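Asker: One structure, pasted below without further comment.
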Amino acid sequence: MSTIDGADQARGGVAYKRVMLKISGEALMGDQGFGLHPPTVQRVAQEVKACHALGVEICMVIGGGNIFRGLAGSAQGMERTTADYMGMLATVMNALAMQSALEALGVFTRVISAIPMDQVCEPYIRRRAVRHLEKKRVCIFAAGTGNPFFTTDTAAALRANEMGCEAVFKGTKVDGVYDKDPKKFADAKRYDTVSYDEALEKNLGVMDATAIALSRDNRLPIIVFSLDEPGGFRGILAGQGTYTTVKG
């Protein structure tokens with residue numbers, strides 16, 4: 001946990017000016033076993049709107065595991081590259097759903113895809129995306145990196161660096177990084193801070209190894225928090241709440 005310093009006061013009480021929010025596709029399922037749960041999508045959109053209202057420039061990457069997961073398809077005999085491309089298309093569907101929910105709340109949003117599909121979203125052009133952020137539009141980056149064998153975690157770290165984000169916020173089901181699964185072990189210990197190297201060595205499940213290494217190489221902190229806690233995202237942007245910071 002941290003407090004707001006003088007620089008944060010000058011920003012209107014928020015610790016970050018531009019951030020990347022990474023959430024899994026499963027986070028949008030609600031209590032369902034598959035697909036999108038509209039009330040859950042709306043709740044996440046309201047969280048994003050509350051943060052956007054603070055003046056924070058927000059990028060988003062949403063996984064596609066609620067619709068299709070490339071690794072699972074590959075494990076069932078599907079060719080890996082094809083399975084991964086199908087997973088990328090699933091992320092576009094989730095991004096469009098989130099765009100619809102945000103714009104229903106009055107938040108201007110752009111879906112930007114690494115795979116060109118001009119009828120439904122914009123192609124990824126870095127300078128154009130930066131300009132959207134400067135105009136206070138939420139940018140949702142879809143279709144991963146556009147390449148198979150890379151996860152949406154890696155896409156989030158990549159786009160965060162390209163956009164000049166100050167941190168990656170990883171929304172999960174738990175309020176930080178633990179040494180073991182807190183849902184299975186009552187004595188699980190939560191870290192307040194953990195180094196990139198320790199996260200990799202202990203395989204703590206923060207993000208995939210490529211995303212952590214990319215963040216380490218560019219000194220981009222990863223903040224892991226509970227997306228299920230109402231107001232959690234907004235509180236952490238103000239330097240409050242419970243979370244784990246991966247840095248150093």
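Asker: Counting just the residues of segment 39-76 that are closer than 19 Å to A143 by Cα and open to solvent by 30 Å² or more (accessible area, probe 1.4 Å), which one comes out modelled with the highest pLDDT?
Answerer: Among them, the one singled out is I67.
Asker: Still on this structure, I have one more. Give me the residue from segment 1-38 that is open to solvent by 20 Å² or more (accessible area, probe 1.4 Å) and among the acidic types (D, E) and, out of that set, modelled with the highest pLDDT.
Answerer: E26
Asker: Counting only residues that are touching a Cys at 6+ places or on another chain (Cβ under 6 Å) and without any contact (Cβ under 8 Å) to a residue 24 or more places away in the chain, give me the helices (runs of 4 or more DSSP H) lying completely in segment 65-151 with at least 1 of them.
Answerer: 126-134
Asker: Here is a list: L204, L214, L237. Which entry is modelled with pLDDT of 90 or more and touching a helix residue (DSSP H, G or I) at 6+ places or on another chain (Cβ under 6 Å)?
Answerer: L214
Asker: Give me the pairs: first residue in segment 236-248 and free of Cβ contacts under 8 Å to residues at least 12 places away in the same chain, second residue of a type in the set (V, I, T) and open to solvent by 10 Å² or more (accessible area, probe 1.4 Å), beta-carbon distance under 8 Å, and six or more apart or on different chains, which are they?
Answerer: If the second residue must be of a type in the set (V, I, T) and open to solvent by 10 Å² or more (accessible area, probe 1.4 Å), no pairs are left.
Asker: Still on this structure, please answer the following. Just to be sure before I move on: is G248 open to solvent by less than 60 Å² (accessible area, probe 1.4 Å) and not in a strand (DSSP E or B) in the structure I sent?
Answerer: No: the conditions fail for G248.
Asker: Let me ask something else about it. Could you grab me the full set of residues in segment 215-227 that are open to solvent by 20 Å² or more (accessible area, probe 1.4 Å) and under 14 Å from the mean Cα position of the chain (by Cα)?
Answerer: Of everything in segment 215-227, just one residue is open to solvent by 20 Å² or more (accessible area, probe 1.4 Å) and under 14 Å from the mean Cα position of the chain (by Cα), namely P221.
The values are calculated or read from the model by the stated rules, or taken from the named source; none is laboratory data. These numbers were taken from a predicted model, which means no experiment stands behind them. FYI the Cβ positions are ideal-geometry reconstructions off the backbone, even for glycines, and counts take in every protein chain you see. Surface accessibility is based on the protein's heavy atoms, side chains included, excluding ligands, DNA and RNA. Shrake-Rupley method; radii C 1.70, N 1.55, O 1.52, S 1.80 Å.
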